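The values are calculated or read from the model by the stated rules, or taken from the named source; none is laboratory data. Everything numeric here is computed off the predicted structure, so don't read it as measured data. Here Cβ is always computed from backbone atoms with ideal geometry, including for glycine, and neighbour counts include all displayed protein chains.
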Amino acid sequence: MVVERAYILGHPVAHSKSPAMHNAAYRALGLKWEYGFADRETEFDARVFLNVRNWRALNVTMPWKPLAYELADERSVAAELAQGANVLVNWGDRVYADNTDGKGCVSYLQRCGVSFEDASVVVCGTGPTSLAIMHACAEAGASHVTLLGRNAGKARQALDEYSDRAGDELADFAAGSYGESAAAIANAAAVIDATPLGMNPDDPAPFDVGLLSRGQTVFDVVYGHGETKLLAAARAAGCAAYDGEGMLVAQAVETVRDIAAITEAFAIPAHMDLFAIMAEAAGFDL
């Protein structure tokens with residue numbers, strides 16, 4: 001059997017748990033596949049690596065998601081809407097791009113018992129990850145989704161561009177700054193922070209945490225840097241609070257599903273809980 005190779009392309013690699021997770025999934029599926037790191041420090045080196053195409057699949061971290069999107073031959077709706085790809089699959093002389101940020105975030109929260117049906121959701125940040133999560137929340141049934149950033153104009157521009165690409169709107173969307181959208185934060189069933197705040201010890205929460213209250217769900221994409229100020233405040237307020245570990249695992253599951261669907265090289269048994277297999281391999285207690 002030919003050994004297929006997949007990698008995580010980063011600058012530097014942000015997800016050190018990824019090889020263990022993916023290799024555990026491949027073993028469980030009976031595949032002789034290998035998954036490893038592909039550190040590329042410059043855009044030139046990343047572009048060369050992508051163009052050589054001597055890989056079966058890639059996960060891509062920032063800042064190379066837009067580049068991965070650009071170099072793909074075919075793109076999923078999620079990748080188109082986010083204008084960035086974190087999954088590439090090389091099959092049949094074509095490279096297929098997807099963005100699993102949104103699907104990974106929402107599916108993990110649903111696994112935790114969070115329902116998006118008719119919910120009001122706030123998404124913090126204006127980058128590809130935020131847009132992908134916003135779209136996935138709407139697809140999951142959220143009735144109102146507010147995109148927030150430090151700059152109201154930038155947030156509204158990001159939403160306008162998203163709406164132009166999305167066409168028919170799945171939900172009632174709005175955008176603004178943290179300061180002018182206090183009511184949206186206070187009234188949201190779920191608040192999702194897709195900004196990098198929290199990766200440094202002194203990073204503040206993106207908004208006034210005094211707006212949080214019991215009964216809300218708060219999710220922070222950051223993990224592995226200790227408890228962020230946002231999550232600490234959310235737990236103190238009685239919110240259900242989750243960090244990005246579960247999203248990382250759920251994204252990995254979606255990557256394997258993408259590879260299976262595009263290549264048809266293997267099937268995932270209905271009884272197999274890939275999330276549990278991959279979370280255990282990463283050492284996460286989820």
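Which of (1) within 23 Å of Thr61 (Cβ to Cβ); (2) assigned to a strand (DSSP E or B) is the odd one out, the single condition Val106 does not satisfy?
(2)
Taking the range 171-204 only, how many residues are assigned to a loop (DSSP other than H, G, I, E, B), under 20 Å from Cys137 (Cβ atoms) and of a type in the set (A, V, I, L, M)?
5
With respect to Ala190, determine if the residue is closer than 28 Å to Ser76 by Cβ and either surrounded by fewer than 14 Cβ atoms within 10 Å (Cβ to Cβ) or touching a strand residue (DSSP E or B) at 6+ places or on another chain (Cβ under 6 Å) (or both).
Yes; evaluated as a whole, the condition is true for this residue.
Please verify whether Ala241 is surrounded by fewer than 23 Cβ atoms within 10 Å (Cβ to Cβ), among the aliphatic types (A, V, I, L, M) and at pLDDT 95 or above, treating the condition exactly as stated.
Criteria met by Ala241.
Would it be correct to say that Ser115 is in contact with an Asp or Glu (Cβ under 8 Å, 6 or more places away or on another chain), among the polar types (S, T, N, Q) and more than 21 Å from Ala252 (Cβ to Cβ)?
Against the criterion (in contact with an Asp or Glu (Cβ under 8 Å, 6 or more places away or on another chain), among the polar types (S, T, N, Q) and more than 21 Å from Ala252 (Cβ to Cβ)), Ser115 does not qualify.
Can you tell me which residues in the range 38-57 are touching a helix residue (DSSP H, G or I) at 6+ places or on another chain (Cβ under 7 Å) and under 27 Å from Ile268 (Cβ atoms)?
Result: Ala38, Leu50, Ala57.
Hey, among Ser107, Ser76, which residue is among the hydroxyl-bearing types (Ser, Thr, Tyr) and at pLDDT 95 or above?
Ser107
For Ala119, which of the numbered conditions (1) assigned by TED's automatic domain parsing to the domain that holds Ala260; (2) within 30 Å of Ala241 (Cα to Cα); (3) among the aliphatic types (A, V, I, L, M) fails to hold?
(1)
Does Tyr96 satisfy the condition of being in contact (Cβ under 8 Å) with a residue 24 or more places away in the chain, assigned to a strand (DSSP E or B), surrounded by fewer than 24 Cβ atoms within 10 Å (Cβ to Cβ) and not aliphatic (A, V, I, L, M)?
yes
Among the residues of the range 202-219, is there at least one that is buried (at least 23 other Cβ atoms within 10 Å of the Cβ) and within 16 Å of the chain's Cα centre (by Cα)?
For the range 202-219, residues buried (at least 23 other Cβ atoms within 10 Å of the Cβ) and within 16 Å of the chain's Cα centre (by Cα): present.
Read through the list (1) in contact (Cβ under 8 Å) with a residue 60 or more places away in the chain; (2) part of a loop (DSSP other than H, G, I, E, B), then give the number of the only condition that Ser115 fails.
The number of the failed condition is (1).
List every residue pair whose Cβ atoms sit under 7 Å apart, with the two residues 6 or more apart in sequence or on different chains, where the first one lies in the range 134-155 and is more than 24 Å from Val114 (Cβ to Cβ) and the second, anywhere, is polar (S, T, N, Q).
Short answer, once both residue conditions are applied: Arg150/Ser177; Asn151/Ser177; Ala152/Ser177; Lys154/Thr126.
Which members of the range 228-280 meet the condition of being of a type in the set (Val, Ile, Thr) and in a helix (DSSP H, G or I)?
Scanning the range 228-280 gives Val249, Val253, Thr255, Val256, Ile259, Ile262, Thr263, Ile277.
Test Leu81 against the stated conditions and say whether it is of a type outside the set (Gly, Ala, Ser) and in the same structural domain as Ile8 (by TED's automatic domain parsing).
Yes; evaluated as a whole, the condition is true for this residue.
Considering only the range 1-92, give the strands (runs of 3 or more DSSP E) lying wholly within it that have at least 3 residues that are surrounded by fewer than 17 Cβ atoms within 10 Å (Cβ to Cβ).
Answer list for the range 1-92: 33-39.
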